[in-house]
């Protein structure tokens, strides 16, 4: 079967304890940058900037942008002045930290067999480092970039969210164009790898740790064992059993937050002159898709959600929004402004949904087309609509 396999890196593919690695890494980096600021100041700012990355919920800011905004101004440093020494650190010093880690031969066996089966492999490591650092750690695990070309390695240059935010996993799948196939997460951390993936509705296999009991309930591991147990467990299940379930409120919220983030990534390197070009007469341009998402959220989705929350079993009329593209002349609008406006209204929608109780998610309405419905079903339709247009814009850009 076709399958997308999400693989954690540290203490999954590579034996690398964060408790041991982080102090040595920080000491090496601050020593390299000591001519620019005192080490104690650098460490303080580094730790605070990492915390800000982990807390980021802005889909229009990559983690690198969050880090830079937090790190450099406070120290009075020029990012361009540090670009060369930081590059040199990751080229020359960072590789010397390999001694803190050790390879896990069973992970190489697993990856080779997964590749032989044709699985799509994603390195789903917390994107708190530059891509260079990720590739170094992969090589320490036995996966050189020359031999292993993973379709996606998450890093801070392009990603907007971190573990344990389930939007991190949604951003992975959105970046891949929301593949319509089984998806499985493999990792060692119950919070970052297992719970966060399960909140998106992804089956997750936990590499169990001695003395640690996994939690029960919907966000616990789907299965657990040693790394050698993973493929036999996978083979014991049908493809249907490994399909993600995006119907949980936590999953729908993660999808909704990931959409503007993925769009930010998709369009970042597209020349503006291409934004308003239709690939064919009956297909929308990038700008038209963004305008459509903006107006549907602002004029349909958000008002509907508010109506269901504020009224008792309200009637929801149907709305045909596709003609708006021609009627409103979307193709003549500035695309970047449309994306910014969509992001604003999407965050407004999320603010309304994020703290709802289970009872509020089940509030009823009468829909002109669906008939009797609930808020959870209406939000699920918004999330499915997002996935449809993410696939559309990804194909268009490719």
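The values are calculated or read from the model by the stated rules, or taken from the named source; none is laboratory data. These numbers were taken from a predicted model, which means no experiment stands behind them. Here the Cβ positions follow ideal geometry from the backbone for every residue, glycine too, while neighbour counts run over all protein chains shown.
Mind listing whichever residues of region 257-276 are surrounded by fewer than 16 Cβ atoms within 10 Å (Cβ to Cβ) and assigned to a loop (DSSP other than H, G, I, E, B)?
Listed by number, the residues that qualify are 268, 269, 270, 271.
Hey, any hits in region 220-232 for a residue that's touching a strand residue (DSSP E or B) at 6+ places or on another chain (Cβ under 6 Å), in the same structural domain as residue 161 (by TED's automatic domain parsing) and surrounded by 20 or more Cβ atoms within 10 Å (Cβ to Cβ)?
yes
Search region 135-146 for residues that are in the same structural domain as residue 124 (by TED's automatic domain parsing) and closer than 17 Å to residue 109 by Cα and pair each with any residue that is assigned to a loop (DSSP other than H, G, I, E, B) and at pLDDT 95 or above when their beta-carbon atoms are under 6 Å apart and the residues are at least 6 apart or on different chains.
140/101; 141/13
On the basis of being farther than 30 Å from residue 259 by Cα and surrounded by 16 or more Cβ atoms within 10 Å (Cβ to Cβ), does residue 63 make the cut?
No, not satisfied.
Just to be sure, is residue 311 within 16 Å of residue 252 (Cα to Cα) and over 20 Å from the mean Cα position of the chain (by Cα)?
So residue 311 fails the test.
Can you spot a residue in region 21-31 that is in contact with a strand residue (DSSP E or B) (Cβ under 9 Å, 6 or more places away or on another chain) and either on the phi > 0 side of the Ramachandran plot or not assigned by TED's automatic domain parsing to the domain that holds residue 267 (or both)?
The answer is yes; a qualifying residue exists.
Please go through region 69-85 and pick out each residue that is within 29 Å of residue 263 (Cα to Cα) and either outside the structural domain of residue 38 (by TED's automatic domain parsing) or buried (at least 16 other Cβ atoms within 10 Å of the Cβ) (or both).
Listed by number, the residues that qualify are 70, 71, 72.
Considering (1) touching a residue at least 24 places away in the same chain (Cβ under 8 Å); (2) under 21 Å from residue 397 (Cα atoms); (3) part of a loop (DSSP other than H, G, I, E, B), say which one residue 246 fails and leave the rest.
All conditions pass for residue 246, except number (2).
Of all residues being assigned to a strand (DSSP E or B) and touching a strand residue (DSSP E or B) at 6+ places or on another chain (Cβ under 6 Å) in region 1-15, which is surrounded by the fewest Cβ atoms within 10 Å (Cβ to Cβ)? Just the residue, please.
Here the answer is 15.
Here's the yes/no breakdown for (1) part of a helix (DSSP H, G or I); (2) touching a residue at least 60 places away in the same chain (Cβ under 8 Å):
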residue: 23; (1), (2): yes, no
residue: 30; (1), (2): yes, no
residue: 35; (1), (2): no, no
residue: 40; (1), (2): yes, no
residue: 45; (1), (2): yes, no
residue: 48; (1), (2): yes, no
residue: 51; (1), (2): yes, no
residue: 59; (1), (2): no, yes
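Just a yes or no: is a residue in region 87-108 within 17 Å of residue 233 (Cα to Cα), under 28 Å from the mean Cα position of the chain (by Cα) and in a helix (DSSP H, G or I)?
Yes - at least one qualifying residue is present in region 87-108.
Cβ-Cβ distance below 7 Å, separation of 6 or more or different chains: which pairs start in region 297-314 with a residue that is in the same structural domain as residue 338 (by TED's automatic domain parsing) and on the phi < 0 side of the Ramachandran plot and end on one that is modelled with pLDDT under 95 and surrounded by fewer than 17 Cβ atoms within 10 Å (Cβ to Cβ)?
Pairs found: 300/319.
Got a sec? Which helices (runs of 4 or more DSSP H) wholly within region 315-394 have at least 3 residues that are surrounded by 18 or more Cβ atoms within 10 Å (Cβ to Cβ)?
The helices (runs of 4 or more DSSP H) meeting that bar are 335-353.
For the structure I just gave you, tell me whether residue 128 is under 20 Å from residue 27 (Cβ atoms), part of a loop (DSSP other than H, G, I, E, B) and touching a helix residue (DSSP H, G or I) at 6+ places or on another chain (Cβ under 8 Å).
Criteria met by residue 128.
Which residues, counting only those in region 233-243, are in a helix (DSSP H, G or I) and surrounded by fewer than 12 Cβ atoms within 10 Å (Cβ to Cβ)?
Hits for region 233-243 are 235, 240, 241.
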